[in-house]
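A short reminder: the numbers here are calculations on the coordinates, not readings from a lab. Computed from a predicted model, the values in this text were never measured in an experiment. Glycine gets a Cβ as well: all are built from the backbone with ideal geometry, and neighbour counts include every protein chain shown.
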Amino acid sequence: MTITQNPAQIPARRPARKRGVTLIEAVLFISIALGLIVGGIVFFQQASTAQRTNDAVRTISGIASEVRAMYQSSTDFAGISQSTLIAAGAVPSNVVTDQALQNEWGGQIGVQAETINTANDGFSVTYTGVPTEACVRLVTFDAVGSGVVGAGISSVTLASSVDTADTTTSAANELVLGTAYTGTGWAAAQGGPVTPADAATHCTAASTSGSTNFRITFGR
C-alpha cells in the first residue's frame, strides 16, 4: 500500500542564509595584507642593503689589494687615483662608469695617497652616499687595524659632506676615528680601534638624510 502525504503538510525548507563578509572580517583581512606587504618591503630593503654591503666589502678590499700590489716596489703611493686604477684594470668593471668609479649605492669611490707618518705612505678609499647602517658595518676595525674590508687600516674619516670633484673632505666637517699606523703596533692612547658602538654613534652623527660619507685610510 502506498502512503501519500499531503503537500500542504510537508514543512517548507528554509532558504539558505547568505553569509557575507562582515566589517570586522574585512578590516582584519586588510590589516593582515598590509602587514605582509610592509614586512615584505622591510625584508627586501634589509636584504638589498646586506647584499650591497657585501659587494662594497669586496670592492674596497679588492681596491686595497690591487693598490698594494701595484705599488709594492715603490717607496710610497704618490700618484694613485681613480684613473690609474681604471687604466690598469685593477677595479671591478661593474663600478666603472664614464671613466669614474661609482659605488654600490650610486655615490662616488675616490682613491688617493695619504700621509700617515711620512708623505704618501698610505692611501685611502672614499665612499660617498652610503646608508648609515652600511657605514656601521664597513668602518669598524680592531686594535691591530683589521676590519671587514681588510687589514692595515690606519683610520676612518666620517664626513657630513664631501667635495664631489675629488671626493676629499675638509677638516671643518670631518671626524677621524682610530689611530695612526706606525708599522710596529698601535698605541691605545691615540684612540684605539673603532668598535661597532663607535661606528653606530658616529656614522649616525655624520649622516645627512640617512646617508654618510666615509674614507678608510690604509697603510702598507
Sorted by Cβ neighbour density within 10 Å, fewest at the top, the residues SER74, SER211: SER74, SER211
Provide Rg and Dmax in Å for the range 42-159, with only Cα atoms included in the calculation. 14.4, 48
Could you compute the net charge surrounding ASN94? Neighbours are other residues with a C-beta less than 10 Å from the C-beta of ASN94; K and R count +1, D and E count -1. -2
How far apart, in nanometres, would the label points at ARG58 and VAL27 be if each is projected 7 angstrom from Cα along the Cα-to-Cβ direction? 4.9
Please give the net charge around SER74, taking every other residue with its beta carbon less than 12 angstrom from that of SER74, where Lys and Arg add +1 and Asp and Glu add -1. 0
Sorted by chain and then number, the residues having a modelled amide H within less than 5 Å of the amide H of PHE218, at least 5 places away or on another chain, are PHE123, SER124, VAL125, SER154
